[in-house]
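Chemist: Handing you this structure, nothing more for now.
The values are calculated or read from the model by the stated rules, or taken from the named source; none is laboratory data. All of these numbers come straight from a predicted model, not from anything done at the bench. FYI the Cβ positions are ideal-geometry reconstructions off the backbone, even for glycines, and counts take in every protein chain you see. These area figures cover heavy atoms from the full protein model, side chains too; ligands, DNA and RNA do not enter into them. Shrake-Rupley method; radii C 1.70, N 1.55, O 1.52, S 1.80 Å.
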Amino acid sequence: MARIGKPERSLSELYRDDPERADWIVFGRRGALKGTALAAMGAAVGATIPFANRMPTGLVPAALAQGAGERRLFRFEGKEALIDLGQRPLVLETPEHLLDDEITPASKFFVRNNGLPPEPAADPKAWKLRIDGEVNTPLELTVGELESRFPLVTYQLQMECGGNGRGFFVPETRGNQWGNGAISNCQWTGVRLRDLLRAAGVKDSAKHVAPYASDMHLSGDPNRVVISRATPIEKCMEEHTIVAVRMNGEPIPHIHGAPLRLIVPGWPGSLSQKWLTRLWVRDREHDGPGMGGTSYRVPVIPIVPGSRDDGKTFRDIHSMWVRSVLTNIPNGSRFPAGTREIAVRGHAWAGEDSVRAVHVSVDFGATWTAMDVKPPANKYAWQRWSGTVRLPSDGYFEIWYRATDSQGRMQPHAPANWNPQGYGANPISRIAILVG
Ligand SMILES: Nc1nc2c(c(=O)[nH]1)N[C@H]1C(S)=C(S)[C@@H](COP(=O)(O)O)O[C@H]1N2
Ligand SMILES: [Mo]
């Protein structure tokens with residue numbers, strides 16, 4: 001599929017050369033867009049805009065929005081070219097259009113390291129997991145023992161970085177500027193965490209289960225913990241919370257936590273500890289790196305966007321927010337003149353909840369069409385949506401897509417509840433297309 005060529009001038013160039021016109025184009029501040037203004041906007045996106053009369057004031061066209069078409073790619077061994085958000089630590093985002101498989105293959109699975117991965121285990125079956133703290137019988141199990149002593153379960157589980165969508169926040173927040181691609185939906189096989197906790201005789205005093213791993217802190221100090229975020233005991237006892245030994249029927253790839261990884265589905269990915277070595281059952285809220293303050297926490301009472309806050313009154317993120325991806329058309333695709341129907345499909349998910357509906361709009365949100373939404377393979381699996389959009393003519397269009405969760409909550413028009421580390425930005429998603 002052809003891509004929309006680079007617009008005549010990028011927005012930043014336009015701002016440099018002719019700030020008044022750029023502002024006019026982007027924000028339409030001088031009144032209705034018509035005549036030369038509309039023509040200028042059309043030139044900037046590369047075509048006429050048939051639904052320009054429905055374009056919200058202040059909207060930056062998706063074809064020009066920050067990052068459109070100009071994100072740096074990086075090819076890590078065994079992976080497709082993913083979006084490079086950093087190499088030390090390694091952070092790679094999956095472009096949305098690579099998320100089309102029902103089960104995410106390792107080659108398309110995003111990467112989020114906070115430190116440096118450990119050396120691969122020489123003998124994965126001999127890798128040890130220790131369970132201690134608020135238990136009657138501390139356990140030390142090898143991966144081999146774990147697999148033979150406990151029932152193995154297999155589920156499709158979505159795993160999403162807590163910061164997914166962060167790049168949509170205005171003003172910009174600290175952290176990796178993810179789009180929608182910090183999400184995977186793999187088939188995980190492992191032992192239920194609750195079976196392990198019961199085998200260790202978990203006490204009534206257990207409140208948080210804190211994981212530890214063998215990755216290395218960026219400072220190189222072997223005594224510093226990279227990340228240790230705990231899961232409340234209730235979620236640990238939920239049947240889909242597992243200690244995984246296989247991903248998509250294969251040994252877990254090293255970069256994704258081999259040979260042992262915690263999977264806490266529907267909650268921030270930071271809980272799903274890779275290279276797991278220890279589970280410390282605590283009688284209080286855990287205080288490892290990544291806990292407290294503004295880390296993985298959001299305001300209960302909204303704060304002024306861009307302001308400072310120590311996060312003391314914030315709450316820990318549990319369930320992730322409803323979100324959708326469109327996976328069969330890359331942003332900026334060009335279709336032959338005369339194209340009037342386009343098949344669209346993607347996935348949607350909603351943390352602890354399921355997805356009730358997905359709607360698509362090609363006229364900047366003026367009208368919406370309901371898509372077909374399939375039930376999940378199991379709880380915490382993402383859901384396939386698909387349908388057809390109709391276009392009235394050639395020109396520049398945006399395909400907007402918006403999921404609604406089982407509690408009736410929709411992706412909002414703009415990210416809500418701004419917070420210093422940028423969690424929970426799940427605005428309506430969109431791609432730009434050009435017909436003709
Ligand atoms: N040991 C360890 N586990 C970790 C991390 C890490 O840096 N070290 N990153 C966490 C974060 S923030 C996320 S979003 C997921 C990313 O998993 P992935 O790299 O397999 O995509 O792993 C989590 N588990
Ligand atoms: Mo994350």
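Chemist: Quick query: amide H of R402 versus all other amide H atoms, modeled in the peptide plane; which residues come in under 5 Å with a sequence gap of 5 or more or a different chain?
Modeler: Amide H neighbours of R402, under 5 Å, 5+ apart: H359.
Chemist: What is the gain in length, in nm to one decimal, between A416 and S205 on full extension, counting 0.36 nm per residue of separation less the C-alpha to C-alpha distance?
Modeler: Length difference between fully extended and current span is 72.3 nm.
Chemist: Given that compact globular proteins tend to follow 2.2 N^0.38 Å, what is the ratio of the alpha-carbon Rg of region 148-266 to that value?
Modeler: Scaled against compact globular proteins, the figure is 1.20.
Chemist: In region 215-255, which GluC sites (Glu not before Pro) are in a loop and have at most 15 other Cβ atoms within 10 Å, using DSSP for the loop call?
Modeler: Answer in residue order: E239.
Chemist: Turning to a different aspect of this structure: What is the list of residues in region 219-253 whose amide nitrogen lies under 13 Å from a point 7 angstrom out from the Cα of R198, following Cα to Cβ?
Modeler: 237-240
Chemist: Follow-up question, since we're still on this one. Among residues other than A182 whose Cβ falls under 9 Å from its Cβ, what is the net charge (Lys/Arg +1, Asp/Glu -1)?
Modeler: With Lys, Arg at +1 and Asp, Glu at -1, the net is 0.
Chemist: So what is the calculated 222 nm ellipticity per residue for the chain, using -39500 (n - 2.57) for each DSSP H run with n of 4 or more, over all residues, to the nearest 500 deg cm²/dmol?
Modeler: -2500 deg cm²/dmol
Chemist: Around L85, with a cut-off of 11 angstrom between Cβ atoms, what is the net charge of the other residues, counting Lys and Arg +1 and Asp and Glu -1?
Modeler: Local net charge: +2.
Chemist: State in Å² the accessible area per residue of the chain; use a 1.4 Å probe, count heavy atoms of protein chains only, and round to the nearest integer.
Modeler: Averaged over the residues of the chain, the accessible area is 43 Å².
Chemist: Using the scaling law 2.2 N^0.38 Å as the reference, what is the normalised Cα Rg of region 276-414?
Modeler: For region 276-414, the normalised Cα radius of gyration comes out at 1.39.
Chemist: Could you give log10 I(q)/I(0) at q = 0.12, 0.20 Å⁻¹ for region 189-347, computed by the Debye formula over C-alpha point scatterers of equal weight, without solvent?
Modeler: Rounded to two decimals, the profile gives -0.68, -1.30.
Chemist: Once the Cβ-Cβ distance between S307 and A81 is put in as r, and R0 is 41 Å, what FRET efficiency do you end up with, to the nearest 0.05?
Modeler: Given R0 = 41 Å and the Cβ-Cβ separation, E is 0.60.
Chemist: Mind computing the radius of gyration and Dmax over the alpha-carbon atoms of the chain? Å is fine for both.
Modeler: Using the Cα atoms of the chain, the pair Rg, Dmax is 23.1, 77 Å.
Chemist: With +1 assigned to the C-beta of every Lys and Arg and -1 to the C-beta of every Asp and Glu, and no other charges, what is the dipole magnitude of the chain about the Cα centre in debye, to the nearest 20?
Modeler: For the chain, the charge dipole is close to 420 debye.
Chemist: Between L279, A106, V304, whose Cα lies farthest towards the positive end of the dipole of the chain when Lys and Arg beta carbons carry +1 and Asp and Glu beta carbons carry -1, centred on the Cα centre?
Modeler: The residue sitting most towards the positive pole is V304.
Chemist: Also, quick follow-up: Where the centre of each part is set by its Cα atoms, how far does region 292-306 sit from region 394-436, in angstrom?
Modeler: Cα centroid of region 292-306 versus Cα centroid of region 394-436: 21 Å apart.
Chemist: Also, I was wondering about something else. Starting from the alpha-carbon convex hull of region 77-316, give the projected area averaged over all orientations, in nm².
Modeler: About 13.3 nm², averaged over all directions.
Chemist: Could you work out how far apart the two model spin labels at A337 and T48 are, taking each label as a point 7 Å from the Cα in the direction of the beta carbon, and quote it in nm?
Modeler: Calculated label separation equals 1.2 nm.
Chemist: For the residue pair E250 and A121, what label-to-label distance in nm results when each label sits 7 Å from Cα along the Cα-to-beta-carbon direction?
Modeler: Inter-label distance under the simple model: 1.8 nm.
Chemist: Say each of M216 and D132 gets a label point 7 Å from the Cα, pointing the same way as Cα to Cβ; how far apart are those two points in nm?
Modeler: 2.4 nm
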